[in-house]
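**Student:** Take this structure, written in C-alpha cells, and hold onto it; I'll ask about it next.
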Amino acid sequence: MTDAVSRRHPLPSARKLAGSVALAAASAAAILILLVLPAEYEIDPTGFGRLIGLVPTDEERARALTFDPPMIPEAPAPPRPTR
C-alpha cells in the first residue's frame, strides 16, 4: 500500500521544497518586523506599527503615566439596630 500512495502523491522536488522554505522564512520575518516587534517591544523600524496603532503615541504614553486614582464609592451606612 505504501508504494501505491507514494505513486499517487510524489514528493516535491528539492527546488520546490527550498522555495517553500524561503517563502515561509520571508513571511515569518515580515510578521516579526511589521507586527511582533512593534506590539511587544515598541521597536518600529518601518513605522507600520504606529500606523495601525500598535505603538502608542507620546500623548498616549503621557496619559498612561499620569496616575488617576479610581473613584471608590462610599460604603452604605450600616443599618440602625431596631428594638
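The values are calculated or read from the model by the stated rules, or taken from the named source; none is laboratory data. Treat the numbers as computed from the prediction; the structure is a model and nothing was measured. So basically every Cβ, Gly included, is an ideal-geometry build from the backbone, and we count neighbours across all protein chains shown.
**Student:** On the basis of being at negative phi and either touching a residue at least 40 places away in the same chain (Cβ under 8 Å) or touching a Leu at 6+ places or on another chain (Cβ under 8 Å) (or both), does ASP68 make the cut?
**Tutor:** No; evaluated as a whole, the condition is false for this residue.
**Student:** Among the helices (runs of 4 or more DSSP H) contained in the chain, which hold 2 or more residues that are under 18 Å from the mean Cα position of the chain (by Cα) and loosely packed, with under 11 Cβ neighbours inside 10 Å?
**Tutor:** In the chain, the matching helices (runs of 4 or more DSSP H) lie at 14-31.
**Student:** Mind checking which residues of the range 1-56 are hydroxyl-bearing (Ser, Thr, Tyr) and modelled with pLDDT of 90 or more?
**Tutor:** Answer for the range 1-56, where residues must be hydroxyl-bearing (Ser, Thr, Tyr) and modelled with pLDDT of 90 or more: SER13, SER20, SER27, TYR41, THR46.
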